[in-house]
Amino acid sequence: MYDNLSSIFEAIVEYAEEESAGPSNEQNSSSSSDRKHNKDLTKKHQKAVAILRSFIQLNEQKDEISFQELAQSFIEDWDVTNSKSISIQQLSHLLNLPHIQGVLWSAQEVSAGRFAPQLPDVPFEVDEDDGVAVKIVRIVRRGEPLGATIKCERGKVFVARIMANGVADRSGCIQDGDRVLEVNGVTVADKEPREIVKLLDKCDNGIITFKLIPAEVNQKLKQRKPSHRYVRALFDYDPWQDRRHPCPEAAISFRAGDILEILDEKDQYWWQTRKIGFGALARRKERDDEENRDDSKKVGLVRSEWLQCQSENPDSLDSSDDFQTFLESHRERFYEGVFRWRNKKKRRRVVVLLGAPGVGRNEIRRQLFKIFADRFSNAIPHTSRPPRPNETDGVNYYFTSRSEMERMIERKEMLEYGEFRDNLYGTALKSVRRASERGTVLLTPHPLAIENIRTWEFAPIVIFVQPPEFGEFKHTREIYRAQTTRSHSAASSSNISQNTAATSARAFSDNEIRQIIENSSQMEQKYRGVCDAIIRNVDLDTTISELTGLIYQLESKPTWMPTKWLADIGE
């Protein structure tokens, strides 16, 4: 930009010199007073042009001169001449522009060698590596972690990894493989990692100065675009319990069902990851308060899918064909790829309530059918037993033969099925499809049926129902049992409703409550990864209110969906 600016000034000066030369001989036939006035004006023009010429040639001068003062002096001197020169008017306007003033100020600061922050002088030589090029990097952390890990090999210290979006990464001055010679002026050769960490902590005003030998840049890795994808964790991970983790301090922990943002997966063993949150509605926190800081911003190392598979198959430590086959067969067993999907077409989604027996799922479902009869629909089950006198085919059950139900099972047309007293019972997938035409299907299946319903066709909303703590469980169930007993006479004449009311009204012993809580904890541990949300069933009325609001959000807001459904969406 400086060369362009100089060329513009040069052109203007040439025009100005022509104008300052004065009128030609042919035009000097005017009176002596006019000739004297023109002579004085010409001298002023020439003086101003000389000032302008000196401005252009400043880059050849060694003494520091204020460009802005010189430009302002030129403008003032030219104004005194009261000249009507078009070229000088253009120059005056140009010099008064704010961005030109900024350029002049920047040129002055750069020419004077004023930079911030002041960096130490580059040493003439390196102690043990004479003649090797080094770089001095000064980083201001301002309370943030540095975002880099180190490794020690035979007394030498290297930068092992730069964490994505960390302070070191944002500086752009440190890269993987750089050899660390000094930290804050202290030699780090032959020091233990914990000693180096102490040096990093002892920094004035958060400023750390590194002396580094640059690593050779791998052009293939340099051209490789960083990873950026989202996955749903399908297992729990605690880096402090992971003996293979090289640096637990630079890791993050997560639970099954958490959404993770993978920022870098170049390392075969460890991925750089950020945790977004739990469930289908997970999103990064916008606030930067203490409570949410770690979950919303921290980038940490977690096990790659390859390493997690290898941990389950320790005999295949080599990258053999057998292990590659094992890896392919276990793909998305530990991390499920996900994307955010918005329900633009307002399609109905199946709602699945998952939970341990006794937690209250069936009572919640019965209340939702009672309160919101026009919104929720029931998938009518199939059975091989004959109908009873008060039962109607297609209302209470779809009554069919045992052989037909067995064929449906073989053709994998059943969502779930079981046998009771020599009769088959189950829910067919076609029953779910029929119910979806009438409203939002509400199911309380066995957990093993989740795999059959978790497809794009049904796009299920899986909600895990937790029991309350022991004391709340016992208190609320006693209150509900008393209410149910008083209103039992008003219960529906349906056998299903009677059985449900009777079961709900039965008092749980303390051991049964503890068993329900324990079973729920084990089930959540096993199936948390496929759940979109979790709700605690403390009080039935509160649960119904919270559940309906939660279902509305999951139906209307962007939610995380498995990437494998993308091929079937077609939107």
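The values are calculated or read from the model by the stated rules, or taken from the named source; none is laboratory data. Bear in mind that the values here come from a model prediction, so they are computed numbers and not experimental data. Virtual Cβ from ideal backbone geometry, glycine too; neighbours counted across all protein chains shown.
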Checklist outcome for this item: All-but-one check, residue 148 against (1) in contact with a helix residue (DSSP H, G or I) (Cβ under 9 Å, 6 or more places away or on another chain); (2) modelled with pLDDT under 80; (3) on the phi < 0 side of the Ramachandran plot, failing number (2)
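Scanning the range 389-405 for residues that are more than 30 Å from residue 348 (Cα to Cα) and without any contact (Cβ under 8 Å) to a residue 60 or more places away in the chain, which turns out farthest from the chain's Cα centre (by Cα)? Reasoning before the result, please.
In the first step, residues of the range 389-405 are kept if they are more than 30 Å from residue 348 (Cα to Cα); the result is 389-390, 401-403.
Still in the list and also without any contact (Cβ under 8 Å) to a residue 60 or more places away in the chain: 389, 401-403.
Values: 389: 59, 401: 53, 402: 51, 403: 52 Å.
Within the range 389-405, the match that is farthest from the chain's Cα centre (by Cα) is 389.
Here's the yes/no breakdown for (1) closer than 19 Å to residue 563 by Cα; (2) at pLDDT 85 or above:
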| site | (1), (2) |
| --- | --- |
| 240 | no, yes |
| 245 | no, yes |
| 250 | no, no |
| 253 | no, yes |
| 270 | no, yes |
| 277 | yes, yes |
| 284 | no, no |
| 287 | no, no |
| 291 | no, no |
Checklist entry - If we scan the range 403-422, do we find a residue that is among the small types (Gly, Ala, Ser) and either buried (at least 18 other Cβ atoms within 10 Å of the Cβ) or within 30 Å of residue 541 (Cβ to Cβ) (or both)? => result no
Checklist entry - Are any residues in the range 460-479 out of contact with any Ser or Thr (no Cβ under 9 Å at 6 or more places or on another chain) and over 20 Å from residue 357 (Cβ atoms), and if so, which ones? => result 460, 471, 475, 479
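Across the range 204-214, what is the number of residues that are of a type outside the set (D, E, K, R) and surrounded by fewer than 19 Cβ atoms within 10 Å (Cβ to Cβ)?
Within the range 204-214, the first condition is being of a type outside the set (D, E, K, R), and the residues that meet it are 205-210, 212-214.
Okay, now just the ones that are also surrounded by fewer than 19 Cβ atoms within 10 Å (Cβ to Cβ), so 205-207, 209, 213-214.
The total comes to 6.
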Checklist outcome for this item: Output for Cβ contacts, cut-off 6 Å, separation at least six or different chains, first residue in contact (Cβ under 8 Å) with a residue 24 or more places away in the chain and more than 16 Å from residue 376 (Cα to Cα) in the range 430-459, second hydrophobic (A, V, I, L, M, F, W, C) and assigned to a helix (DSSP H, G or I), reads 450/530; 456/565
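Every residue, every condition in (1) in contact (Cβ under 8 Å) with a residue 24 or more places away in the chain; (2) among the acidic types (Asp, Glu); (3) surrounded by fewer than 17 Cβ atoms within 10 Å (Cβ to Cβ), yes or no:
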| site | (1), (2), (3) |
| --- | --- |
| 149 | yes, no, no |
| 153 | no, yes, yes |
| 161 | yes, no, no |
| 173 | yes, no, yes |
| 179 | yes, no, no |
| 188 | yes, no, no |
| 191 | yes, no, no |
| 194 | no, no, yes |
| 202 | no, no, yes |
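Those residues that are more than 27 Å from residue 176 (Cα to Cα) and buried (at least 20 other Cβ atoms within 10 Å of the Cβ), I need them from the range 251-267; list them, please.
256, 257, 258, 259
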Next on the checklist: Which pairs turn up if I take residues in the range 219-241 that are part of a helix (DSSP H, G or I) and look for partners that are at pLDDT 90 or above and β-branched (Val, Ile, Thr) with beta carbon separation below 9 Å, at least 6 apart in sequence or on another chain?
Outcome noted: 239/252; 239/302
